[in-house]
1. What is the sum of charges, Lys and Arg at +1 and Asp and Glu at -1, for the other residues whose Cβ falls under 14 Å from the Cβ of M152?
2. Computed FRET efficiency, Cβ-Cβ of D10 and N184, R0 35 Å: what is it to the nearest 0.05?
3. For D27 and D47, what is the calculated FRET efficiency with R₀ set at 22 Å and r taken between the beta-carbons, to the nearest 0.05?
4. Highest first, please rank the peptides 149-160, 2-13 by the mean number of other Cβ atoms sitting within 10 Å of their residues.
5. Tally Lys/Arg at +1 and Asp/Glu at -1 over every other residue whose Cβ is under 12 Å from the Cβ of A172; what's the total?
6. Would you tally the net charge around F22, using a Cβ to Cβ cut-off of less than 15 Å, leaving F22 out, and scoring K and R as +1, D and E as -1?
Amino acid sequence: MKEVVGLFEDHAQAERAADALFERGYDADSVGYLNRHRDAAGKVVLDDGYEMADTAEEAGKGVAGGAAGGAAVGAGAALLTSAGLLLVPGVGPFLAAGTLAGTLVSAAAGAAGGAVLGGAAGAVVGATDSDDGVADETASYYRDRIDTGYAMVSVNVEDSQRDEVVGILNAAGAHRVDSYGDGNWH
């Protein structure tokens, strides 16, 4: 099993991708969502010491506002509105849902580094924490874009599903699509 990962410039594109994936039969056990938390002013928050006291309400407003803005809210939008705020020690706050939320819960509980977290989310969040001190180029690219406000959608797939998912993510407007498996980007 691999993860197909799409990077989106805006959350509406990520929502369209999630909706399309759900329409094709993928579910919250295989689809994940990740982006940086934005404060009440809409600024991306990178500070790992960010005060978490009122961020749950802010997070809900930010995600729900984008997802519920349309006339109909599909399953993908429901995934995005369920995104929870997680503070990853040493990295900062993220909004995550589905499979990527599960990966980052261990980080929020105190695990650190991509190797400990595993998966594409772990590689991206831990992009600056590689064993040899040199971050993986693809993971660093994703991390840099997420740090500027892009959203990441990840889908756990069998090899036979890869091309279909790549097509869905690209059709939704993905800025970039890659595969992650066995600890490497493909």
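1. Numbers: positive: R36, R143, R145, R176; negative: E3, E9, D10, E15, D144, D147, D178.
Residues near M152 contribute -3 overall.
2. Details: r = 28 Å, r/R0 = 0.81.
For R0 = 35 Å, the calculated efficiency reads 0.80.
3. Working: r = 34 Å, r/R0 = 1.54.
Computed FRET efficiency for D27 and D47 comes out at 0.05.
4. Working: 149-160: 20.1, 2-13: 21.7.
In descending order of packing, they fall as 2-13, 149-160.
5. Numbers: positive: R16, R24; negative: E9, D10, E15, D19, E23.
Every neighbour counted, the sum reads -3.
6. Working: positive: R16, R24; negative: E15, D19, E23, D27, D29, E164.
Its environment carries a net charge of -4.
Where a number appears in this text, it was derived from the coordinates with a stated rule and is not lab data. Worth saying up front: this structure is predicted, and the values here are computed from it rather than measured. So basically every Cβ, Gly included, is an ideal-geometry build from the backbone, and we count neighbours across all protein chains shown.
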